[in-house]
1. Which one of these is touching a residue at least 60 places away in the same chain (Cβ under 8 Å) and at the interface with chain B (Cβ under 8 Å from one of its Cβ atoms): A:312, A:297?
2. Can you name the residue in segment B:57-70 that is touching a residue at least 60 places away in the same chain (Cβ under 8 Å) and surrounded by 22 or more Cβ atoms within 10 Å (Cβ to Cβ) and is also farthest from the chain's Cα centre (by Cα) among such residues?
3. Provide a single number: the residues in segment B:4-22 that are at pLDDT 90 or above, part of a loop (DSSP other than H, G, I, E, B) and at negative phi.
4. Just one of the numbered conditions (1) touching a strand residue (DSSP E or B) at 6+ places or on another chain (Cβ under 7 Å); (2) within 7 Å of chain A (Cβ to nearest Cβ) is not true of residue B:73; which one?
5. Taking into account only those residues within segment A:37-72 that are more than 22 Å from residue B:332 (Cβ to Cβ) and at the interface with chain B (Cβ under 7 Å from one of its Cβ atoms), which is surrounded by the most Cβ atoms within 10 Å (Cβ to Cβ)?
6. Filter segment B:265-282 for residues that are assigned to a loop (DSSP other than H, G, I, E, B) and within 11 Å of another protein chain (Cβ to nearest Cβ); which is modelled with the lowest pLDDT?
7. Taking the stated definitions as given, is residue B:129 modelled with pLDDT of 95 or more, surrounded by 24 or more Cβ atoms within 10 Å (Cβ to Cβ), within 30 Å of residue B:199 (Cβ to Cβ) and assigned by TED's automatic domain parsing to the domain that holds residue B:265?
8. In segment B:185-201, what residues are outside any strand (DSSP E or B) and more than 30 Å from residue A:176 (Cβ to Cβ)?
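The values are calculated or read from the model by the stated rules, or taken from the named source; none is laboratory data. What you see is a predicted model, and the numbers here were worked out from it, not measured in a lab. Cβ: placed from backbone, ideal geometry, glycine included. Neighbour counts: every protein chain shown.
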C-alpha cells in the first residue's frame with residue numbers, strides 16, 4: 001500500500017517486540033460493538049497513473065481563467081504570479097514543516113514570518129502585523145472581536161453595505177451568540193456617507209468596519225470616516241486591497257486602528273476561493289489583544305540574533321478559554337508566498353502593478369459606457385473595479401459573454417436586490433487592451 | 001548544504017534601484033493619476049518595501065528553507081500533529097491549471113469538475129465519519145470546532161432551549177475551550193481519571209439542562225481510546241446535550257470505528273493531519289465538519305448538491321448559521337485530501353490507521369523501558385511519556401530532551417502537552433515511518449536520557465541557533481525590522 005515503508009516482515013517483527021499476535025490485538029481498546037464490521041464504502045484505491053487521469057479529467061470539466069478573459073473580482077483577483085513565488089513555496093523544507101514551536105528547528109520559517117510581518121507593516125503603515133489569519137472575511141470578523149475586547153464596549157458594531165457582503169455574513173455568524181448589535185449603514189451612492197455613519201455611532205460602539213476601495217470598487221472618504229469614528233471613541237477597522245497600496249495612501253497614514261485584507265492578490269492563485277491569506281495589522285497598543293501567531297526577534301544563549309514565536313500567552317494552547325482567539329493552524333505557506341511576492345515587487349513593482357489596474361479599469365469603464373446601453377452605477381472614483389448597470393437581463397448578457405470566452409463580471413443581485421440590473425467588473429494588470437475591447441464588443 | 005553566510009534580513013540586503021520584476025508597458029491610453037483619483041487618496045511615495053533583484057530573493061528564501069526541519073528531511077514525531085508524508089502526486093495534481101486557475105464567482109457550469117470533486121469529498125467524509133451531512137467550509141481544525149459549536153447553538157435556539165455550556169475534558173486541546181468562547185458559550189472542565197479516561201462521575205455531575213455540548217477527543221490526547229465512549233455519549237444525550245468529536249486523532253481509527261457509530265453528533269477533520277495535506281509551516285489547513293441528520297439544516301452556506309448530472313452550490317438554506325469565511329473554503333487543501341482518499345480507498349485508509357497504531361505501539365514498547373509512559377503499555381496512534389522522574393533525579397526536563405533530540409537529527413516530540421502529564425513528551429510517529437527510523441529514534445532518545453544534565457541544558461549544539469531568549473522576546477517585543 002502507498003506511503004507505508006514497513007513490509008509484512010517488518011510488521012511481524014514489530015508485533016513480536018510489542019508482544020501481541022496481530023494488529024487487531026492493538027485495537028483491543030475499541031469495544032467490539034463499536035467496530036465497523038465492513039470496509040468503508042469508498043471508491044476503489046487508485047494508483048498514481050489512474051489518479052492522474054481522473055484528476056486531469058475533472059480539471060478538463062472546468063474552464064480555467066487562463067482559457068477565458070477574467071473580469072471577475074469581488075475579493076479574488078486574477079493578478080500575475082511570478083515563477084519565483086511558486087519555486088520558493090514548493091521547497092518542501094517550507095511546505096512539509098509545521099508551526100515553529102521548536103525555534104532551533106524552524107529558523108527558516110520564523111525568519112520568513114518575521115519578514116512577512118515587517119513587509120505588511122511597510123505596506124500598510126501600521127505598527128504590528130501578525131503572521132496570518134485564514135482569509136479576508138474571517139480576518140475582518142477577528143478584527144471586530146479584537147475591538148470588542150480592546151474598547152470594552154460590546155453594544156454595537158457599525159459597518160456599511162459597501163463592505164464585501166460575504167465578509168458581513170461572516171461577521172454576522174461570529175456575532176450570533178454575543179450581545180452585540182451589528183448596524184449596517186446603507187450606501188445608495190456607492191460609498192459611506194459620513195453623516196449617516198455619524199448618526200449610527202453611539203457611545204457603546206466598539207468599532208467601525210469599512211472597506212477601501214470598497215466592494216463596488218469605489219474609494220471611501222477615509223479621512224472623514226476616521227475623524228468621525230475616533231470622535232465617538234470607536235476603533236476604525238479598514239479592509240483593504242493590498243494591490244491598491246501601490247498607489248493609495250496607507251491606512252496607517254489616515255488613522256486606521258486595525259487593517260485587515262484578503263492577501264490572495266499577493267502571489268496566490270484564485271483556487272476557487274482558497275487557500276487564501278487573512279492579513280491583519282494594528283497599532284502597537286493593541287498588540288496583546290491580537291489573534292494569531294506573532295514572531296519576535298531575540299538572541300540565543302550565545303548572543304546570536306534569532307527568531308521565536310512570542311506573546312504566546314494570548315494564544316489558545318496557553319490561555320485556553322481566555323485566549324484572544326481560537327486560531328491554531330493559520331496560513332503559513334500563503335503568508336510566505338505574500339512575502340516572496342512583496343520582496344520581488346519592491347516599492348516600484350507595487351506601483352507598476354497598481355497603475356495599470358487603475359488605467360485599464362478606467363479605460364474599460366469609459367469604453368463600456370460610451371455606447372450608452374450600459375452606465376456606471378455610482379459616480380465615485382474607483383480603483384480596479386466598478387459597477388455597471390445594464391439594459392435588459394444581466395444573466396443573459398453574462399451568458400453571451402461566456403460564449404465568447406469572457407468572464408465579464410459578478411452579478412450583484414444575490415446580495416443587493418436593488419442592484420439586480422448591475423454587475424461588478426474587475427480589471428487587473430493582466431487584462432490586455434484587446435481583451436477589454438472584446439468585452440466592450442460583447443456587452444455594448 | 002547550508003550557506004552560513006546567508007543570515008541577513010531582506011531589508012538589510014535592499015539596494016536602491018534594484019528591481020525584481022519588470023512589468024509590461026500599459027497598453028491602454030493613460031491619463032495622469034491625479035485626474036483619476038482624488039489627490040488626498042494618493043500616497044506621496046510607494047510603500048517603503050525593500051529593493052532586491054530576482055536572484056537575491058531566490059537565494060535568500062532557499063537558504064532560509066535549509067534552516068527548517070521538515071517531514072521530507074527528518075523524522076518529525078510531533079504528537080497531535082500527525083506529521084506524515086505529503087504525497088508528491090497530490091502537490092502536482094492540485095496544481096493543474098484547471099484546478100487552481102478558477103475564480104470563486106465563475107459561472108457554476110464552468111467549474112463542474114471542481115464541484116464534482118467537492119461533492120464527492122462531502123460524501124466520502126460522511127462515510128468515514130458515519131455522519132451524513134458535511135460542510136467543507138471551515139479553514140482549519142479550530143475553525144471547524146467553532147463552526148460546529150455555532151451549529152449546535154443554532155440547533156438549540158431553534159428548539160427554544162437555553163443551553164450554552166460546553167463540557168471539556170481537562171486533557172483537551174486548547175482550541176476546544178477557545179473555540180467555545182469564540183462561539184459565545186461557557187466552558188466547564190471535566191476531570192480525567194488517573195488512568196487517563198474521562199471521569200464518568202464528574203461528567204455526570206456536571207451534566208444538566210444548560211449543557212449544550214461535550215467536546216471529546218477520541219482517541220484522547222494521551223493516545224488512549226475511551227473504552228466507555230458509548231456510555232459517555234449516551235449519558236450526554238440523555239441529558240439533552242450533543243457530543244462533539246475533536247477529529248484531530250482520526251489517523252488512529254479510520255475504517256476501524258466511526259464517530260457517528262459511537263455516538264458523536266458533530267466532528268471536524270484535519271485534512272492536513274489525517275489526509276496527508278502539507279502543514280505548510282503552520283497552514284494552510286482545512287477543517288471540514290460532519291454532523292448528524294438533525295443538525296444538517298444548520299450547516300454553513302453554501303454546500304454542494306447534485307441535481308441529476310449537474311453539481312451546484314446551494315445557498316438556499318434558511319436555517320443555516322451563515323458563513324464562517326468568504327468563498328467556498330480552502331479548496332486547494334481539499335483537492336489534496338480528495339487525492340489522498342482516492343489513493344487509498346476504504347481498505348487503504350484502514351491500513352493507514354492500523355500501521356499508524358502499529359508504529360506508535362512499537363515505539364512505545366521500545367521507549368517505556370527507559371522513559372515512563374504513565375498511561376499504560378498500549379496506545380493508539382500516539383503516546384505520552386513523562387520526564388518527571390528524570391527531572392527530579394537528574395534535572396533533565398522534557399524541554400532538554402526535546403532540544404537534544406535536534407542534535408541527533410530528529411525533530412522534537414510535542415512537549416508539555418497534555419497538561420495532565422508532568423514533563424510530557426507526546427510522541428506520534430505516523431504510519432509513513434519505517435521500523436529502521438523508529439529504531440534509530442528510540443536509540444537516540446535512550447542516549448539522550450543517559451547524557452549529562454550539563455550537556456542537555458545547553459542543547460542543541462549543532463543547530464544554527466540554540467535556546468533563544470524567549471522571556472526577553474516577550475518582555476520587549478520586536479515584531480518587525482526597523483532601520
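1. Numbers: A:312 fails: touching a residue at least 60 places away in the same chain (Cβ under 8 Å).
One residue alone meets the criteria, A:297.
2. Residues of segment B:57-70 that are touching a residue at least 60 places away in the same chain (Cβ under 8 Å), as a first pass: B:63, B:66-69.
With the extra rule that they be surrounded by 22 or more Cβ atoms within 10 Å (Cβ to Cβ), the set shrinks to B:67-69.
Details: B:67: 22, B:68: 19, B:69: 18 Å.
The residue in question is B:67.
3. The number of residues fulfilling the criteria is 10.
4. Residue B:73 satisfies all of (1) touching a strand residue (DSSP E or B) at 6+ places or on another chain (Cβ under 7 Å); (2) within 7 Å of chain A (Cβ to nearest Cβ) except (1).
5. A:40
6. In the first step, residues of segment B:265-282 are kept if they are assigned to a loop (DSSP other than H, G, I, E, B); the result is B:265, B:269-270, B:275-282.
Subset that is within 11 Å of another protein chain (Cβ to nearest Cβ): B:270, B:276-282.
Numbers: B:270: 98, B:276: 97, B:277: 97, B:278: 98, B:279: 97, B:280: 96, B:281: 96, B:282: 93.
Applying the filter and picking the extreme gives B:282.
7. Considered against the rule, which asks whether it is modelled with pLDDT of 95 or more, surrounded by 24 or more Cβ atoms within 10 Å (Cβ to Cβ), within 30 Å of residue B:199 (Cβ to Cβ) and assigned by TED's automatic domain parsing to the domain that holds residue B:265, residue B:129 comes out as yes.
8. Narrowing segment B:185-201 to residues outside any strand (DSSP E or B): B:185, B:191, B:193-197, B:199-201.
B:191, B:193, B:194, B:195, B:196, B:197, B:199, B:200, B:201 - these are the residues of segment B:185-201 that are outside any strand (DSSP E or B) and more than 30 Å from residue A:176 (Cβ to Cβ).
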